[in-house]
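Report on the following structure.
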Amino acid sequence: HRPDALPRDLEGVRVVVSAGGTREPLDPVRYLGNRSSGKQGYALARTAAQRGAHVTLVSAHTLPLPEPAGAEVVRVGTAAQLRDAVHAAAVGADVVVMAAAVADFRPVVSAEFKIKKTARDPDPVALTRNADVLAELVAARDSGALPSEQVIVGFAAETGDSGADVLDHARAKLRRKGCDLLVVNAVGEGKAFETEDNAGWLLAADGAERPIALGSKAQLATEVWDSVVQLLKR
Ligand code: CTP
Ligand code: CA
């Protein structure tokens, strides 16, 4: 995308984008993580800035990526740090896009010192639940703690399984989360993770559903912002 080819329809709009994968420490040198590259979140931040938005990018771990020009980048490690940074940035935001892969669980204890190998078999790793940042944002908006007109966008990477297909899972997730838009990536068969291209659906809270053609992450970002611009006009 050439920046001069993009509309300036996000001029003055304050957006927060979270990106990358959180890392939950087990000890000073080990963590539970995920395969998120951060590419989709960075593409969303870059496109928004090119369309005139004021962008705060809350970045968890990513592959080496260029910083999106014009975005303010806040770096975080754990899901708890991401939660604090997103809530702080969301206070003055018109749009929040949760593209980060946030760990659902973290180890109950993070050992102060490196866990050593001994003659004994290891203990299982006990996990506890992390806060659901997206659901918290929706609850905060609905209770008046965040701007009532704020647009909140979630992401979901889904596979079909024996009980339901990708869209069934995605529709249920949209209802459960209460966000305005859910960007659904169909994963599996080499799609989405660590690749350049996505394919999926854009589901809106009003029931509108649009397929997203297989294309670049910049193209997906353009489609997401097009939909957000429509929601901001309401
Ligand atoms: N998310 C979040 N906080 C979490 C987990 C997820 O804000 N602790 C956000 C993600 O950034 C994403 C959306 O919620 O925008 C959906 O994440 P996903 O992992 O697909 O949803 P879950 O409710 O965790 O469901 P699942 O059991 O499929 O992992
Ligand atoms: Ca999850």
Given Thr56, Gly12, Leu174, which one lies farthest toward the positive end of the charge dipole of the chain, if we put +1 on the Cβ of every Lys and Arg and -1 on the Cβ of every Asp and Glu? Thr56
Hey, can you grab everything whose amide H is under 5 Å from the amide H of Val58? Only 5+ residues off in sequence or another chain; H modelled, so Pro and N-termini drop out. Val17, Ser18, Ala19, Val74
Residue among Gly154, Ala119, Thr47 farthest towards the positive dipole end of segment 28-169, charges placed on Cβ: Ala119
In segment 109-195, which GluC sites (Glu not before Pro) are in a loop and have at most 12 other Cβ atoms within 10 Å, using DSSP for the loop call? Glu112, Glu149, Glu189, Glu194
Could you give the angle, 0 to 90 degrees to the nearest 10, between helix 79-90's Cα long axis and the longest principal axis of the Cα atoms of the chain? 20
Near the amide H of Ser37, under 5 Å away, which other amide H atoms are found, from residues 5 or more places off or on another chain, if H is placed in the peptide plane? Glu194
Multiply the residue separation of Phe113 and Gln81 by 0.36 nm, subtract the distance between their alpha-carbon atoms, and state the gained length in nm to one decimal. 9.4 nm
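Order Arg141, Arg175, most accessible first, counting only protein heavy atoms with a 1.4 angstrom probe.
Details: Arg141 25, Arg175 175 Å².
Descending accessible area places them as Arg175, Arg141.
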Quick one: what are the phi-derived ³J(HN,Hα) couplings along segment 202-219, Karplus 6.51/-1.76/1.60 with θ = phi - 60°, whole Hz, x for glycine and proline? 10, 9, 10, 4, 7, x, 5, 9, 10, x, 10, 5, 4, x, 6, 5, 5, 5
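Please count, across the chain, the pairs of lysine residues with Cα atoms under 23 Å apart that sit 8 or more places apart or on different chains. List each step's numbers first, then the result.
Numbers: Lys39/Lys173; Lys39/Lys191; Lys39/Lys217; Lys173/Lys191; Lys173/Lys217; Lys177/Lys233; Lys191/Lys217.
Lysine pairs meeting both conditions in the chain amount to 7.
How large is the charge dipole for the chain, taken about the Cα centre, if only the Cβ atoms of Lys, Arg (+1) and Asp, Glu (-1) carry charge, to the nearest 20 debye? Could the numbers behind the result be given before it?
Values: 28 positive and 30 negative charges, 98 e Å.
For the chain, the charge dipole is close to 460 debye.
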Counting DSSP beta bridges in the chain, what percent are antiparallel, to the nearest 5? 45
Residues whose modelled amide H sits under 5 Å from the amide H of Asp27, counting only those 5 or more places away in sequence or on another chain, are Ala111
Which one, Ser36, Thr222, Val76, is farthest towards the positive end of the dipole of the chain when Lys and Arg carry +1 and Asp and Glu -1 on their Cβ? Val76
Can you list the HN-Hα couplings for segment 107-114, worked out from phi with the Karplus curve (6.51, -1.76, 1.60; θ = phi - 60°), rounded to whole Hz and with x for Gly and Pro? x, 4, 10, 9, 4, 5, 10, 4
Starting from the Cα gyration tensor of the chain, take the square roots of the eigenvalues, sort them a ≥ b ≥ c, and report rounded, prolate or oblate (rounded when a/c is under 1.5, otherwise prolate if a/b is larger than b/c, else oblate). prolate
Degrees separating the helix 133-142 axis from the principal Cα axis of the chain, which is the longest one: 50
Pop out the ³J(HN,Hα) list for segment 154-169 in order, Karplus 6.51 cos²θ - 1.76 cosθ + 1.60 with θ = phi - 60°, rounded to Hz; leave Gly and Pro as x. x, 10, 8, 9, 10, 10, x, 9, 5, x, 7, 8, 4, 5, 4, 4
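The values are calculated or read from the model by the stated rules, or taken from the named source; none is laboratory data. Nothing here was measured: the structure is a model prediction, and the numbers come from that model. Positions of Cβ are generated from backbone atoms using ideal geometry, with glycine treated the same way; all protein chains shown enter the neighbour counts. These area figures cover heavy atoms from the full protein model, side chains too; ligands, DNA and RNA do not enter into them. Shrake-Rupley method; radii C 1.70, N 1.55, O 1.52, S 1.80 Å.
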